[in-house]
Amino acid sequence: MLLLVAGVLLWSAAHLFKRVAPDARAAMGGAGRGIMSIAILASMVLMYLGYAHAQGVYYWGRSPEAVGINNLLMFLAIYLMVAAASKSWITGSIRHPQLTAIKSWAIGHLLVNGDSASMVLFGGLLAWAVISVVIINKQDGKPALSVQTSAGREAITGLAAVLAFGAIAFIHIYMGYPVFS
């Protein structure tokens, strides 16, 4: 469990560093980007290894209802990630689509994974996303949202989200994680 906690903390620190210590990050110059990339990659390895080997207490199990809600939240998360990259219409309504996607992903996974390792991983990343939104809004304010889009862009965004959801579901199934039950 220690690797998992270290991974979540390193992820959070690397992502929040620029916001909580902007002068220190600026002093790092161009090298700072590489250092943060390495820290984020290392955090992902730690989270993967820590989660794969974690042992802990189970508080609740999966239910068909929770799986259905999780899949809807997962599709929303994937759609928000794709929409953020394509500047889809929803980005004119949601201020932080990528962080909202992380929150949706984390909540969905907490619904179907009631063990302590999942609480550390998904709960920790949920906390990071919430803290990030609060810090960004405090520092940057809340500028007006507006997006110019087209029907073609919306169709491509929706199709990309469906394909990405399918690919992620396939990978989960291949790795032995249930997706639809």
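The values are calculated or read from the model by the stated rules, or taken from the named source; none is laboratory data. These numbers come from a predicted model, not from an experiment. Here the Cβ positions follow ideal geometry from the backbone for every residue, glycine too, while neighbour counts run over all protein chains shown.
Let's see how each residue does on (1) in contact with a Ser or Thr (Cβ under 7 Å, 6 or more places away or on another chain); (2) part of a helix (DSSP H, G or I); (3) outside the structural domain of Leu110 (by TED's automatic domain parsing):
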site	(1), (2), (3)
Leu3	no, yes, yes
Gly7	yes, yes, yes
Gly29	no, no, yes
Gly34	no, yes, yes
Ile38	no, yes, yes
Met44	no, yes, yes
Tyr48	no, yes, yes
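Just to verify a result, which residue in the range 60-102, among those that are hydrophobic (A, V, I, L, M, F, W, C) and within 20 Å of Val134 (Cβ to Cβ), is farthest from the chain's Cα centre (by Cα)?
If we filter the range 60-102 for residues that are hydrophobic (A, V, I, L, M, F, W, C), which is where we start, we get 60, 66-67, 69, 72-78, 80-85, 89-90, 94, 99, 101-102.
With the extra rule that they be within 20 Å of Val134 (Cβ to Cβ), the set shrinks to 77, 80, 84, 94, 99, 101-102.
Numbers: Ala77: 8, Leu80: 10, Ala84: 13, Ile94: 15, Leu99: 6, Ala101: 6, Ile102: 3 Å.
Ranking the candidates gives Ile94 first.
Please return the ranges of helices (runs of 4 or more DSSP H) entirely within the range 78-181 where 2 or more residues are surrounded by 15 or more Cβ atoms within 10 Å (Cβ to Cβ), β-branched (Val, Ile, Thr) and assigned by TED's automatic domain parsing to the domain that holds Trp11.
In the range 78-181, no matching helices (runs of 4 or more DSSP H) lie anywhere.
Here are Leu16, Leu80, Leu49, Leu99: which of them is modelled with pLDDT of 95 or more and over 20 Å from Asp140 (Cβ atoms)?
Details: Leu16 fails: over 20 Å from Asp140 (Cβ atoms); Leu80 fails: over 20 Å from Asp140 (Cβ atoms); Leu99 fails: over 20 Å from Asp140 (Cβ atoms).
The conditions single out Leu49.
For the structure I just gave you, tell me whether Ala13 is assigned by TED's automatic domain parsing to the domain that holds Asp115 and in a helix (DSSP H, G or I).
So Ala13 does not fit the description; no.
Of the residues that make up the range 50-63, is at least one assigned to a loop (DSSP other than H, G, I, E, B) and among the hydrophobic types (A, V, I, L, M, F, W, C)?
Filtering the range 50-63 down to residues assigned to a loop (DSSP other than H, G, I, E, B) leaves 54-57, 61-63.
Within this subset, residues satisfying the condition of being among the hydrophobic types (A, V, I, L, M, F, W, C) are 54, 57.
Looking through the range 50-63, at least one residue is assigned to a loop (DSSP other than H, G, I, E, B) and among the hydrophobic types (A, V, I, L, M, F, W, C).
For the range 22-59, which positions are among the hydrophobic types (A, V, I, L, M, F, W, C) and more than 23 Å from the chain's Cα centre (by Cα)?
Selection gives Ala24, Ala26, Ala27, Met28, Ala31, Val57.
When you go through Leu73, Leu4 one by one, which is the residue that is at pLDDT 95 or above, within 30 Å of Val162 (Cβ to Cβ) and surrounded by 12 or more Cβ atoms within 10 Å (Cβ to Cβ)?
Result of the check over Leu73, Leu4: Leu73.
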